[in-house]
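**Student:** Quick one: the structure is below, questions incoming.
The values are calculated or read from the model by the stated rules, or taken from the named source; none is laboratory data. Just so we're clear, the structure is a prediction, and the values are computed from it rather than from any experiment. Using ideal geometry, Cβ is built from the backbone for each residue, glycine included, and neighbour counts are taken over all protein chains shown.
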């Protein structure tokens, strides 16, 4: 076992307080968005002897990973854990399939776009399915909402543009209609777009107030409609906020089509390839296949690649992609989406039923926990992390605290 020193990413959307508080350090007033706990070459964790974790795993591949993980993924840690703290919305984005990641990476290489360049979307050849578990209340948008429900919400705006979009969504099969509507939205720019976003924001304010009034005055016969209105008022409040932050960004319009997701602590959502999404606020623990491939569509000053997004996004409507954990014991919940790279367990010490093989990464979420493997032990406090190689075998936890444990489903 080795204690990790992890890097933070200081994106503008990050919270000034959540990650410093998690790490037990004094806030410096700057936004701290992500804490990277893993071996991705973009920001690998460091070991006590100064070695990078990715280099250590490459040089000690079988003992670090175990034979099955090594044979499947090569000499690399296949997952990446992040603590994510959003004070403002992240970009509207989508991640590719493995096949598209390889194609996109090679196309950008052939175009002469260097790795790390602002205009590059594909930083590696891997897909990036991801799961986020809320630590605080966590909000986001994910997946295209049922079209019938979306048309009802759009008509609540009582605006000619929204009525026209609702008619277009009604006029074709959902996949085709959504693809066309999103393409039209993202093609807008300049003064006409600014005026439209302003008008939609004003319409959202008025619709939100109408929803509040109906909720307050509804009798029994109107309860179903009032329920729809309550859901739409949350969306309209978000639209108004986004319009203030991004008055010339067509991504604001696209968010009207997405599921609005609110997670309570311990709840999770899983985002597979092609699911358009954006986190908007809160603190959570995120695990993903170890990749940094992001194709953006809006809500960002960064590079936006609309043609690529329209090519790889899934326009099939889905429910909010909530992922239910499986209780492993009285003290452990396991989040195991259908991917080969990762499983995440959240465990309250003491606990003995833990992943016993393969590479494991532990991040203490609260309290103090003693991590024991054979004759070795480490005490973890909130915000501290460990890498446990396959060769260390079974783990036990003691103490009084909560730990997130990343592992590979097939073990070692």
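**Student:** Any idea how many residues of the stretch 329-358 are closer than 22 Å to residue 284 by Cβ and within 27 Å of the chain's Cα centre (by Cα)?
**Tutor:** Summing the residues that are closer than 22 Å to residue 284 by Cβ and within 27 Å of the chain's Cα centre (by Cα) in the stretch 329-358 gives 20.
**Student:** Let me ask something else about it. Among residues belonging to the stretch 378-401 that are without any contact (Cβ under 8 Å) to a residue 40 or more places away in the chain and in a strand (DSSP E or B), point out the one that is nearest to residue 8 (Cα to Cα). It would help to see each step written out before you state the result.
**Tutor:** As a first pass, look at the stretch 378-401 and keep what is without any contact (Cβ under 8 Å) to a residue 40 or more places away in the chain: 379-380, 393.
Keeping just the survivors that are in a strand (DSSP E or B) gives 379-380.
Numbers: 379: 22, 380: 19 Å.
So, considering only residues that are without any contact (Cβ under 8 Å) to a residue 40 or more places away in the chain and in a strand (DSSP E or B), the one nearest to residue 8 (Cα to Cα) is 380.
**Student:** Can I ask one more? Which one is farthest from the chain's Cα centre (by Cα), of the residues in the stretch 1-16 that are assigned to a strand (DSSP E or B) and under 30 Å from residue 389 (Cα atoms)?
**Tutor:** Residue satisfying both the conditions and the ranking: 2.
**Student:** Of (1) in the same structural domain as residue 199 (by TED's automatic domain parsing); (2) within 26 Å of residue 327 (Cβ to Cβ), residue 270 satisfies all except one. Which?
**Tutor:** Here residue 270 clears every test but (1).
**Student:** Would the stretch 258-280 turn up any residue that is under 23 Å from residue 316 (Cα atoms), assigned to a helix (DSSP H, G or I) and in contact with a strand residue (DSSP E or B) (Cβ under 9 Å, 6 or more places away or on another chain)?
**Tutor:** no
**Student:** Still on this model: Any residue that is out of contact with any strand residue (DSSP E or B) (no Cβ under 6 Å at 6 or more places or on another chain), without any contact (Cβ under 8 Å) to a residue 60 or more places away in the chain and either surrounded by fewer than 20 Cβ atoms within 10 Å (Cβ to Cβ) or farther than 27 Å from residue 8 by Cβ (or both) - is there at least one of those in the stretch 361-376?
**Tutor:** yes
**Student:** What helices (runs of 4 or more DSSP H) completely inside the stretch 121-209 contain at least 3 residues that are touching a strand residue (DSSP E or B) at 6+ places or on another chain (Cβ under 9 Å) and surrounded by fewer than 18 Cβ atoms within 10 Å (Cβ to Cβ)?
**Tutor:** Those helices (runs of 4 or more DSSP H) do not exist here; none qualify.
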